[in-house]
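Worksheet: one structure, shown below.
The values are calculated or read from the model by the stated rules, or taken from the named source; none is laboratory data. Because the structure is predicted, anything quoted here is derived from the model rather than measured. Please note: Cβ atoms are built from the backbone with ideal geometry, for glycine as well, and neighbour counts cover all protein chains shown. To get the accessible areas, we keep the full protein, side chains included, count just its heavy atoms, and leave off ligands, DNA and RNA. Shrake-Rupley method; radii C 1.70, N 1.55, O 1.52, S 1.80 Å.
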Amino acid sequence: MTNNEIEINGEIFIKKSEMKTVGEYKSSPVQIVVLNRGWIVIGNVSEIGSKTMIQNASVIRNWGTKDGLGELAMCGELTETKLDKCPDITVETCNVVLVMNCDQSKW
């Protein structure tokens, strides 16, 4: 817990003044996020307290690459890539396995 958080009955809260607005999230960079249990998503990634939010999110069902996930991050969506659009995703940051930076000009 940080100085900007408080825990009540096991739930962590942050000050409203510390929260970003939706508009601020959308200015965050496009990144690929690998989550527990094999979920791989792409979108605008931000962190608030113990939560990671992914806006403009898509689940990457099929990478469609020859050189792995890094190729997708560097080259953008390929012909064989399958992206499943979905609503914004919020997860506990402890469920994030890795975050891969993407070439913003390709996404």
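Exactly one residue out of Val45, Val33, Val41, Val59 is more than 9 Å from the chain's Cα centre (by Cα) and in a strand (DSSP E or B): that is Val59. Of the residues Gly38, Gly43, the single one that is among the small types (Gly, Ala, Ser) and crowded, with 18+ Cβ neighbours inside 10 Å is Gly43. Taking every residue in region 45-58 that is within 14 Å of Asn4 (Cα to Cα) and pairing it with any residue that is among the aliphatic types (A, V, I, L, M) and open to solvent by 40 Å² or more (accessible area, probe 1.4 Å), at least 6 positions away or on another chain, the pairs with Cβ-Cβ distances below 7 Å are Ile48/Ile14; Ile48/Met19; Gly49/Ile12; Gly49/Ile14; Ser50/Ile12. Of all residues in region 48-107, those satisfying the criterion of being under 30 Å from Ile14 (Cβ atoms) and of a type in the set (Lys, Arg) are Lys51, Lys85.
What do you reckon, is Val99 in a strand (DSSP E or B) and either modelled with pLDDT under 95 or open to solvent by less than 30 Å² (accessible area, probe 1.4 Å) (or both)?
Values: in a strand (DSSP E or B): yes; either modelled with pLDDT under 95 or open to solvent by less than 30 Å² (accessible area, probe 1.4 Å) (or both): no.
So Val99 fails the test.
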